[in-house]
Amino acid sequence: FAILPVGRRVYVGGNFTQVRNAGTATVLVRRGLFAFDAITGLVDPAFVADFDGAVEALVAAPDGVHIFAGGDFGVLNGSPRRKLAKINGATAAPAPGFSVSVTSAVNDLAISGDRLVLAGAFSSVNGASRGGLAVVSAASGALDPGVDVSFTVPRRGPEPRVRSVALSPDGTRLVAVGNFTTVDGQDRPR
């Protein structure tokens, strides 16, 4: 579902439980996320992230060390991580001091400076009501109270969802697409 190149390493997120290097029969257990070398094409044996569900979105953290993974999971490497995780890009270890709880899958991520934008079908982030879009601190996961845009009235299905987001280069504008028809009470189909 997601591909993130960072230097020579390429991260791949999805709904899978195993991978293998081309031309070999050895199966490597990789649940939801793996990394490979962009030059050699070989799966990184040191990067083992064990998610209990799909990884749907990836973005690099501003610190140059970590990556963010969003999706429909609740556990990473045996520790609770509800729908969003910040992990070390070399070891796949969860980043200490970062904590976010999201009620439903995170479908897309975007980052501008220390602000991480989450998009999905969720209704709550860190216990606060958020209808499909939220912004958290990339360092701590604290919710940004200044961003509270409600995406409502689904075009199809039981819940509205923000499927994808993009930020302007300066980070001041955001475009969101999904199955919603109303944004903050205004008519905004999809």
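The values are calculated or read from the model by the stated rules, or taken from the named source; none is laboratory data. Since the model is a prediction, treat every value here as computed from it, not as a measurement. No Cβ is skipped: glycine too gets one built from the backbone with ideal geometry, and neighbour counts run over all protein chains shown. Keep in mind that these areas ignore ligands, DNA and RNA; they rest on the heavy atoms of the full protein, side chains included. Shrake-Rupley method; radii C 1.70, N 1.55, O 1.52, S 1.80 Å.
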Exercise. With the Cα gyration tensor of the chain in hand, convert its eigenvalues to equivalent ellipsoid semi-axes via √(5λ) and list them largest first in whole Å.
Key: 30, 17, 15
Self-check item: the chain, relative contact order in percent, only Cα pairs under 8 angstrom and at least six apart counted
Solution: 12
Exercise. Order these peptides, 64-73, 180-189, 10-19, by their mean beta-carbon neighbour count within 10 angstrom, highest first.
Key: 64-73, 10-19, 180-189
Exercise. Taking only protein heavy atoms into account and a 1.4 Å probe, give the accessible area per residue of region 97-183 in Å².
Key: 46
Quiz item: For the chain, modelled as a Gaussian network with Cα springs under 10 Å, which listed residue fluctuates most, Gly74, Gly97, Gly141?
Solution: Gly97
Quiz prompt | region 90-190: equivalent-ellipsoid semi-axes (sqrt of 5 x gyration tensor eigenvalues, Cα, Å) | solution = 24, 15, 12
Practice problem: Please give the per residue accessible area of region 25-67, computed with a probe of 1.4 Å over protein heavy atoms only, in Å². | Solution: 45
Practice problem: Would you mind telling me which residue in Gly53, Gly127, Gly23 has the biggest mean-square fluctuation in a Gaussian network model of the chain, where springs connect alpha carbons within a distance under 10 angstrom? | Solution: Gly23
Quiz item: Round to a whole number: what % of the accessible area of the chain belongs to carbon and sulfur, probe 1.4 Å?
Solution: 54
Quiz item: What nm value, rounded to one decimal, do you get for the distance between Ala142 and Ser164 when each label is placed 7 Å out toward the C-beta?
Solution: 3.4
Quiz item: Which of these, Asn77, Asn179, Asn21, has the largest mean-square fluctuation under a Gaussian network model of the chain (Cα springs below 10 Å)?
Solution: Asn21
Exercise. For region 69-140 and region 13-40, write down the distance between their C-alpha centroids in whole Å.
Key: 23
